[in-house]
Amino acid sequence: MTHVQSRRQSFFLFRIKEELTMELVHLRLRTCFSLQDSTVKVKEVVKKAKSFGMTHLAITDHHNMYGAFQFEMACNDEGITPIFGAELLVDGYPLLLLAETQIGYQNLVKLVTYANSNGKVKEVPQLKKENLSGFTQGLIALSGGLPGEVSQALVSGNMAQAESVANEYQSLFGTDSFFLEIWRTGMPNEEEMNQSLLTLSDTLGCELVATHDIHYLEKNHAYARAIFTQLSDGETPFYDAHTHFNEEFYFLSPDEMEQRFLGLEFALEQTNVIASRCTGVSIPRERALPDYKVPQGETVESYFEKVAREGFHKRFPVAPSQEYVERLEFEIKTIKQMGFPAYFLIVWDFMKYAISNGILVGPGRGSAAGSLVAYCMWITDRLDPIHHDLLFERFLNPERISMPD
């Protein structure tokens, strides 16, 4: 008997003895931030989870994390613990990733960013398994359900291939952080595949977890969602084909999930086990700016000041008045005190690129027009703030710590 079989037997005995009432956690959820794929609104689904007495909920939009911030705020409002995740295509097959730790959250952000920046195939963000290496710490991986690589191998009757893929993921994420997803959606041949998943689970000692592929909130939203997805280009990606004109991919209640997974209660309980591992993760609120590489021998502060002063002499080649000199010194000092030299250099860098490459730029907008330093760095143009009586304090004020606009 494998340790997985032993745990299942213990689970059944415990349920019989204690009449256990398990807590279900939905670990798979696409929201409207999976553009033209889901009709689920973040606030509505969180309220729905609350109405079912759920204490945890995951967000796993397809190759993006656009909804994470709104999701976290909505969960906090309802007293629900948010679980941050995403579904990514790896070697062309979906893989579900959940952040177990803060490091895991950071690695998830990096993987999503890489997929969108460097991994697009026919405009669809993707990864290769080799891209995961070095970025799996703090992440829990689920096999991707029916369209996942493991399940597709089983559908094809290739148990050896399924074992090989699952072994790869166990090596990447660790044996206790890779789970086989099992679905019950009424799709053809699903039960045969699920029996194969049970066999694979026993063979590899890999835990099963019950998930439901949620694409819309209510059952009667299925047709609207199907039409909605066709508005993009009229094609259905293979990994979403199972959801079209099928009314089963709505937000199931705990009772509905328990009815669907009769005989697989241990896989439902695993949702709670995984959720308990994913607490304590939050979206960082600190200011996040790229590191700006400055020339050798310079610091960010010294290089910022150098660029500002050089720009000042180019803007005002004839000796400027004392008012201009004092304003420049005041702004440089304030910007350095507030920790924004890197921010100015970053904006200066892409403005310089735009101007040198003939890309049209505007004269400046908003309170930034009140900055003499911005004018001297060509971040704004044709708007001398002193000549036009514009106030720097509307742009940056030491008594109001906030990012410049």
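The values are calculated or read from the model by the stated rules, or taken from the named source; none is laboratory data. Fair warning: this is a prediction, and the values are worked out from it, not measured in the lab. Positions of Cβ are generated from backbone atoms using ideal geometry, with glycine treated the same way; all protein chains shown enter the neighbour counts.
In region 184-225, the qualifying residues are those that are under 23 Å from the mean Cα position of the chain (by Cα) and not β-branched (V, I, T), and the one that is farthest from L262 (Cα to Cα) is R225. Of the numbered criteria (1) assigned to a loop (DSSP other than H, G, I, E, B); (2) touching a residue at least 24 places away in the same chain (Cβ under 8 Å); (3) of a type outside the set (K, R), the one L96 fails is (1).
Kindly evaluate D91 against the criterion of being surrounded by fewer than 19 Cβ atoms within 10 Å (Cβ to Cβ), more than 30 Å from A49 (Cα to Cα) and in the same structural domain as T211 (by TED's automatic domain parsing). It is true that D91 is surrounded by fewer than 19 Cβ atoms within 10 Å (Cβ to Cβ), more than 30 Å from A49 (Cα to Cα) and in the same structural domain as T211 (by TED's automatic domain parsing).
Against the list (1) over 18 Å from T380 (Cα atoms); (2) touching a residue at least 60 places away in the same chain (Cβ under 8 Å), the condition A319 fails is (2). Among the residues examined, N131 does not qualify as over 23 Å from the mean Cα position of the chain (by Cα), surrounded by 14 or more Cβ atoms within 10 Å (Cβ to Cβ), of a type outside the set (G, A, S) and not in a strand (DSSP E or B). V273 meets all of the listed conditions (1) crowded, with 17+ Cβ neighbours inside 10 Å; (2) of a type outside the set (G, A, S); (3) within 24 Å of the chain's Cα centre (by Cα); (4) at pLDDT 90 or above but one, namely (1). Only a single item in (1) over 18 Å from P398 (Cα atoms); (2) under 42 Å from the mean Cα position of the chain (by Cα); (3) in the same structural domain as A374 (by TED's automatic domain parsing) is not met by P295, and it is number (3). In the set (1) without any contact (Cβ under 8 Å) to a residue 12 or more places away in the chain; (2) assigned to a helix (DSSP H, G or I), the condition left unmet by I359 is number (2).
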